[in-house]
Amino acid sequence: MTWVFGDFHLDPERFELTRHGEPVRLEPQVLCLLIHLVRHRDRLVTKDEMVAAVWQGRAISDASISSRIRSARQAVDDSGAQQAVIRTVHGQGVRFVAELTELRPAQAATDADRGPADHPAGRPSIAVLPFQPLAMPGDLAFLGEAIPHEIIQALSRLRWLAVIARSSSFRFRQATPDIDLVATALAVRYVLSGIIESRDRKVAVTLELADTTSGEILWADRIEASLDGIDDLRSQIVTQLVSALEIHIPLNEARIARLHGPDGLDAWANYHVGLGHLYRFTAVDTALAQRCFERAVAADPQFARARAGLSFTSFLDTFLRLSPDPAAAARAARRHAERSLELDALDPFANFTMGRSFWLTDEPEIAADWLARATALNPNYAQGFYASAFTAMLRGNAAATFADLDTSLHLSPLDPLLYGVHGVRAQMLIQQGDHQAAARWADRAATTPGAHYLIAMIALAANGLAGRHDQAARWRQKVRQLKPDATAADYFAAFSTRDAASRARISAELHQHGL
């Protein structure tokens, strides 16, 4: 919304005051104070409240407060004598008193689209600030804003994260940005800041992702390149950052939500708690994830991502044989994915779950089209590339399998599906007849966190075919531990490859071990 009074328009979302369409230059603290006074124009705002809202409770002198109030008055053509806009009640506080009109957009945003303006609920939001230059030559100074701009564009593809527009976040160009002030002014839960420096013909960027609620640094990294590799540096920063955010923000959101307990959580909080269970790949956690996604849908029936989450849990029920009726679970996976796409056809996660539902009906050609759409919508979608590699493996396309696996690993080296990335490589190597390499990758896959019994079965088969019988026997024990009733039929239901020769070799090896 926009507030209109006199000749002025105050837009809290854009963090901007304009007069006759022209921006009024203001210090961020002054603009923050003005927005707070307008938001609470129905009452008197005390000095302590101003300190809490604008300075986050830090010790501030009365002179500093008076200076900011005076600057706010000057910005709106008011004065201490006139007080037609901002009125002071001596010894009590300040109140916005001008006649005001609220202008709302033609279509109001839903709760799921709004950021956490006055509460921590809703979709997570982030502001990307300009990078602060340190010893940067003049011809490279543009990178301090060019790279954050590219980051904003990349993050805008993530449907689960609200990204503040450049026009608002780039107002905070001061040498040491006040993260608390940014959080208050832009109503964001996360802030990404950075320093860019040049020395010895190299450019380096130091990044920090902060949780504005707790003040914690959730992630930090330093990336550097030679001056000749500036384009590669920009690409590397965007890639590593998107990958880090895909991991650290959902984990933090789930942690915060769990602190509050299941009662009263909104749709997004339930969704993130569900993700925390989803990637543990056990029957218990899959059921817990399903309940979280169901609560998210109950709280917001239009929540596309929660529907995609339900498709994912139904997929696991089928793929891992967790359900007594895998066919019904497969139908549910397709149904939930279709509903997710109806609600948001541009969400990569919705397209991802739709694509994987076609694995369950042995239609990898159709799956490939949906997964290609997912990675087109978000070129940094590591799990989309992993799923594309899996699909290429089913179709026997080794070149596409390895290329997509390499892309997935580059985008997200610590992904929750990393065990699958290594497992698909091992399976493709078995199909190529390179059993020694397959055994090495299968061992790596089966010892990666999250690996389930099917990955242990790949390790069993690969090691057996490579003549590493003691290792194969150890993996047989692991399979029986994870799923005592596992059979070769379970394996080929999950990995329904077109390669008859490798299927025969794997089948013989599994039967030799009693599976």
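Read the figures in this text as sums done on the coordinates, not as results from a lab. Remember, it's a predicted structure, so these values are computed and weren't measured experimentally. With ideal geometry, Cβ positions are generated from the backbone for all residues, glycine too; neighbour counts draw on all protein chains shown.
The base-10 log of I(q)/I(0) for the range 280-512, evaluated at q = 0.07, 0.08, 0.09, 0.18 Å⁻¹, reads -0.21, -0.27, -0.35, -1.39 [Debye formula, identical scatterers on Cα atoms, solvent excluded].
So how far, in whole Å, is the C-alpha centre of the range 460-485 from the one of the range 141-170? Centre-to-centre distance over Cα atoms comes out at 48 Å. I'm a student and want to see the number: the projected area of the Cα convex hull of the range 2-103, averaged over all directions, in nm². So the Cα hull casts an average projection of 6.1 nm².
With a Förster radius of 45 Å, plug the Cβ-Cβ distance of residue 331 and residue 48 into 1/(1 + (r/R0)^6) and report the FRET value to the nearest 0.05. With R0 = 45 Å, the Cβ-Cβ based efficiency is 0.15.
Using equal-weight Cα scatterers in the Debye expression, the normalised intensity of the chain in log10 at q = 0.05, 0.07 Å⁻¹ is -0.26, -0.48. Checking every one of the trypsin sites (Lys or Arg not before Pro) in the range 163-270 against DSSP loop status and a limit of 16 other Cβ atoms within 10 Å picks out 173, 201.
A straight chain from residue 492 to residue 469 at 0.36 nm per residue would run longer than the Cα-Cα distance by 6.1 nm. When Rg and the Kirkwood Rh are both derived from Cα coordinates, the Rg/Rh ratio for the range 146-303 amounts to 1.03.
The amide H of residue 191, built 1.01 Å from its N in the peptide plane, has 127, 210, 212 as neighbours under 5 Å, considering only residues 5 or more places off or on other chains.
Helix-only arithmetic for the chain: the sum of -39500 (n - 2.57) across DSSP H runs with n ≥ 4, divided by the residue total, places the mean residue ellipticity at 222 nm at -17500 deg cm²/dmol. Entry note, the range 193-262: relative contact order of 21 percent, from Cα contacts under 8 Å with a spacing of 6+ residues.
Loop by DSSP (not H, G, I, E, B), at most 11 other beta-carbon atoms within 10 Å: where is the longest site-free stretch of the chain for GluC sites (Glu not before Pro)? Here the longest run is 217-515.
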